[in-house]
1. Restricting the stretch 143-160 to residues that are outside any helix (DSSP H, G or I) and open to solvent by 70 Å² or more (accessible area, probe 1.4 Å), which is farthest from VAL192 (Cα to Cα)?
2. Quick one: count up the residues across the stretch 205-218 that are assigned to a helix (DSSP H, G or I) and open to solvent by less than 40 Å² (accessible area, probe 1.4 Å).
3. Which residue is modelled with the lowest pLDDT, if the candidates are limited to the stretch 117-157 and must be among the aliphatic types (A, V, I, L, M) and either within 21 Å of LEU178 (Cα to Cα) or in contact with a Phe, Trp or Tyr (Cβ under 8 Å, 6 or more places away or on another chain) (or both)?
4. Within the stretch 161-179, is even one residue touching a helix residue (DSSP H, G or I) at 6+ places or on another chain (Cβ under 7 Å) and not in a helix (DSSP H, G or I)?
5. When both residues are 6+ apart or on different chains and their Cβ atoms are under 9 Å apart, which pairs have a first residue that lies in the stretch 88-105 and is under 11 Å from LEU168 (Cα atoms), and a second that is among the acidic types (Asp, Glu) and surrounded by 21 or more Cβ atoms within 10 Å (Cβ to Cβ)?
6. Under 8 Å by Cβ, and 6 or more places apart or on different chains, what pairs join a residue from the stretch 133-156 that is touching a residue at least 60 places away in the same chain (Cβ under 8 Å) with one that is open to solvent by 80 Å² or more (accessible area, probe 1.4 Å)?
Amino acid sequence: MRTGVRRRMGVEERRQQLIGVALELFSQRSPDEVSIDEIAAAAGISRPLVYHYFPGKLSLYEAALKRASEDLASRFDEPHEGPLGARLLRVMGRYFDFVDEHGPGFSALLRGGPAVGSSATNALIDSVRQAAYDQILSHLGVTEASPRLELVVRSWISLAESTALIWLEGRRVPRAELEVQLVHDFAALAAVSAVHDEDMAELLRAMVKDEPADGPFVVLAGRLIALGS
């Protein structure tokens, strides 16, 4: 029996391997700092062979970004069971898992990197934001958002992105605290909007209706009341 013979990968299998290797490297450092030579070495192939599968680093980055964006979008998937506050808290936990695992790549994507500004990259970023938006509406039991609700949800998604980017700079605030704070932020945005709109007020009442005493929405309300006493 022959041993030590490396199996030759098919075209698609090799492409997927290179995407995985590139994503791992991009997760450790900004994509600007990762060379094709490093990707080739990590994959165990030659530099020219990388170019056989991808025209250049930009196309490989976009392919890795596509995989990462699909992964990030999936973090917003959550069973429609239990109180909304607890569901959002689990979503934030998975969101920060991704941010923690792909820190430099996540930061490069949102702040600037080799593919930022391209139509492909912008479409991928928008697809993640839209997936998050659709998931939140689904958990609220809404099929078509009012202008005020759309403003609340999209503002919250932007806030989550900004919070994650700032946290990556030095992790100066405990991650678990930020996850809870972002859930509180969602409730606060909804509450401010509810002051100005009866439909939002009704939605807010539905949000907190099944919250337990130790749920994040109830805890926030209690702390706010305590501040005024």
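The values are calculated or read from the model by the stated rules, or taken from the named source; none is laboratory data. On a predicted model such as this, the values are computed, not experimentally measured, just so you know. Note that we place each Cβ from the backbone using ideal geometry, even for glycine, and neighbour counts take in every protein chain shown. Ligands, DNA and RNA are stripped out before the accessible areas are found, and what is left, the full protein with its side chains, is counted by its heavy atoms. Shrake-Rupley method; radii C 1.70, N 1.55, O 1.52, S 1.80 Å.
1. Going through the stretch 143-160, the residues outside any helix (DSSP H, G or I) turn out to be 143-146.
When the remaining residues are screened for being open to solvent by 70 Å² or more (accessible area, probe 1.4 Å), the result is 143-144.
On the way: THR143: 22, GLU144: 20 Å.
Once the filter is applied, the top-ranked residue is THR143.
2. To start, the set of residues in the stretch 205-218 that are assigned to a helix (DSSP H, G or I) comprises 205-209, 216-218.
Going one step further and asking which of them are open to solvent by less than 40 Å² (accessible area, probe 1.4 Å), we end up with 207, 216-217.
Total meeting the criteria: 3.
3. The first filter runs over the stretch 117-157 and keeps only residues among the aliphatic types (A, V, I, L, M), leaving 120, 123-125, 128, 131-132, 136-137, 140, 142, 145, 149, 151-153, 157.
Add one more test, that the residue is either within 21 Å of LEU178 (Cα to Cα) or in contact with a Phe, Trp or Tyr (Cβ under 8 Å, 6 or more places away or on another chain) (or both), and what stays is 128, 131-132, 136, 152-153, 157.
Numbers: VAL128: 90, ALA131: 94, ALA132: 95, ILE136: 96, VAL152: 98, VAL153: 98, ILE157: 97.
Top of the filtered list is VAL128.
4. Going residue by residue through the stretch 161-179, those that are touching a helix residue (DSSP H, G or I) at 6+ places or on another chain (Cβ under 7 Å) are 161, 163-165, 167-168, 173, 175, 178-179.
Pick out the ones that are also not in a helix (DSSP H, G or I) and you get 173.
Yes.
5. As it stands, the answer is PHE96/GLU179, since those pairs meet every condition given.
6. Listed by first residue and then by second, the contacts come to HIS139/HIS80.
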